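Participant: Quick one: this structure, given as structure tokens, is what I'll be asking you about.
Nothing in this text is a laboratory measurement; each read-out follows from the coordinates by a stated rule. What you see is a predicted model; the values in this text were computed from it and never measured. Cβ: placed from backbone, ideal geometry, glycine included. Neighbour counts: every protein chain shown.
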Amino acid sequence: MAEARGKVEIDQDECKGCSLCVESCAPKVLELRADLNHYGVHPAEYKGDGCNGCGICFYVCPEPGAITVYKMAKTPATEVADAATV
Amino acid sequence: MRQLCKGNVAIVKGAVLAGCGAYYGYPITPASEIAEYASLLLPQVGATFLQAESEVSAINMVYGAAGAGIRVMTASSGPGLSLMQEGLSYIAGAELPVVVADIMRGGPGLGNIAPEQGDYFAVTKGGGHGNYRNIVLAPASVQEMATLTMLAFDLADKYRNAVILLTDGFVGQMMEPLDLEMIEAKPPEKPWAVKGTKETRKSLITSIHLTPDELEAHVRKLEAKYKEIERNEVRWETYRAEDADVLLVGYGIVSRVLRTTVDLARQNGVKAGLFRPITLWPYPSQALREAAKRCQRVLTVELSTGQMVEDVRLALGDSKPVDFYSRVGGNVPTAEEIFAEISAHLPALA
């Protein structure tokens, strides 16, 4: 797998287990945990690998502050501009 | 690396090297590859690509990002540019540095998706309301699509002004060798921007000045800025113009055809030369007067029914006869066709 372009942190105490983020995640790297949090629901969790940093989970999440997305693996501009494109 | 590249893609590569931090746009033929490759390349360098729901929202997103101090661009073709004119007027009023590419297609209205140069008036003379000017650059090759995009970002920041890359569907769609110096630009600090920080708390991005004296002062300030741009940023090139009897004037893809026409005419014993404006505003009037000094006639060729020719006539006045030839609707004249037009005026040459 290519180098991860992002990572997700989900606050396990804020998550209400609605699974909107799990459903909307394009690379399918989020899942609901088998155990329960203090609300008594299955909170969402990052599988730990494969996030592309798109941020869709952040936008669909109804809980303010529950999901934080980090965009990573910035490629140097000179490398991107130099790569052949057709 | 020297590579084969499409004109529209070269704009995005130029933007990447210029440190463009955001692209907001809506695809339209023949400019769609700019949005396509912005969506592919910009996220790789940590920049934002967002497809807006229309060109109206795109240009206002551009306004917002520029106000936040980010190098930002959008691209479209005629119908989209029409929708963006209100935003461009606000951008001029708020003095925001933005880059807009207009890959001209046939018009008016939906017209067609073939190359034309009918947006010249709308882009160089304003288009939106109020007293303002956009700097207008006219690339004529894939190489220039990249280098003039980088220049556009520098000029936009230097003058806090919109810079429009005005070219046609031909230059946008064609593929040519591209050879870029791989140096990443460092965008300047912008203390005037609104960044949501303590330091920029007093920054204000606005175009409203309700009292007449205040607005006059603002408009005069803009006027002085435009005069400074007219003094400093005029760009053009000539080809075999030094001893020309017939001076051909054209920009974009037309200048490429005219270059071939110059060689064809000279093979047939007619001393032709080319004057090609690179900045369409400020228009290189003084340089054109210099270049036309020796010639007997001037022939302006455009893919419009006569827009830039007005600036040519304004520059030359009655000093030289200015002829005009055009093709529209997506047709591009051949060198032979233009040479026939020159030949029609040959008896007039001494």
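Participant: Cross-link list B:LYS190/B:LYS225; B:LYS125/B:LYS198; A:LYS7/B:LYS186; B:LYS195/B:LYS221: which exceed 29 angstrom alpha carbon to alpha carbon?
Facilitator: Values: B:LYS190/B:LYS225 18 Å; B:LYS125/B:LYS198 39 Å; A:LYS7/B:LYS186 27 Å; B:LYS195/B:LYS221 24 Å.
Correct reply: B:LYS125/B:LYS198.
Participant: Next question. Need the list of lysines near B:LYS271 for cross-linking: C-alpha distance under 26 angstrom, and skip anything on the same chain fewer than eight residues off.
Facilitator: B:LYS293, B:LYS320
Participant: How tilted is helix B:7-17 with respect to the longest principal axis of chain B? Cα atoms for both, answer in degrees (0 to 90, nearest 10).
Facilitator: Roughly 40 degrees between the two axes.
Participant: Along the Cα-to-C-beta direction of B:ARG2, a point sits 7 Å from the Cα; which residues of the range B:246-280 have their amide N less than 20 Å from that point?
Facilitator: Within reach of a label on B:ARG2: no residues.
Participant: Would you order B:LYS186, B:LYS6 from fewest to most other beta-carbon atoms within 10 Å of each residue's own beta-carbon?
Facilitator: B:LYS186, B:LYS6
Participant: Then there's this: Let's see if you can work this out: charge +1 on each Lys and Arg Cβ, -1 on each Asp and Glu Cβ, no other charges. What is the dipole magnitude of the range B:35-180 about its Cα centre, in debye to the nearest 20?
Facilitator: Values: 6 positive and 14 negative charges, 73 e Å.
My answer is approximately 360 debye.
Participant: Another question, if that's okay. Can you give the relative contact order of chain A as a percent, counting alpha carbon pairs under 8 Å and 6+ residues apart?
Facilitator: Relative contact order for chain A comes out at 40 percent.
Participant: On to the next question. If neighbour count is taken as other Cβ atoms inside 10 Å, put B:GLU290, B:GLU233 in order from fewest to most. Display every interim value, and only then the final one.
Facilitator: Details: B:GLU290 14, B:GLU233 19.
Ranked by crowding around the Cβ, least crowded first: B:GLU290, B:GLU233.
Participant: Which ordering of B:SER76, B:SER32 is given by a fewest-first count of other beta-carbon atoms within 10 Å?
Facilitator: On the way: B:SER76 26, B:SER32 20.
So the ranking, lowest neighbour count to highest, is B:SER32, B:SER76.
Participant: So what is the 222 nm mean residue ellipticity for chain B from helices alone, if each DSSP H run of at least 4 adds -39500 (n - 2.57) and you divide by all residues, rounding to the nearest 500 deg cm²/dmol?
Facilitator: Details: 12 runs with 141 residues, N = 350.
Dividing the helical sum by the residues of chain B leaves -12500 deg cm²/dmol.
Participant: To continue, here is another question. When the dipole is taken about the Cα centre of the range A:6-82, and only Lys, Arg (+1) and Asp, Glu (-1) are charged at their Cβ, what size is it in debye, to the nearest 20?
Facilitator: Numbers: 7 positive and 12 negative charges, 26 e Å.
About 120 debye.
Participant: Using the Cα centre of the range B:1-81 as origin and beta-carbon charges of +1 (Lys, Arg) and -1 (Asp, Glu), tell me which of B:ILE11, B:ALA75, B:ALA35 is placed farthest towards the positive end of the dipole.
Facilitator: Farthest towards the positive end: B:ILE11.
Participant: Enter the angle in degrees (range 0 to 90, nearest 10) between the Cα long axis of helix B:32-41 and the first principal axis of the Cα atoms of chain B, meaning the one along which they spread out most.
Facilitator: Taking Cα atoms only, the helix is inclined about 50 degrees.
Participant: A further question follows. So, with +1 on the Cβ of K and R and -1 on the Cβ of D and E, and no other charges, what is the size of the charge dipole of chain B about its Cα centre, to the nearest 20 debye? Each step should come with its number before you reach the end.
Facilitator: Values: 34 positive and 40 negative charges, 132 e Å.
Value, rounded to 20: 640 debye.
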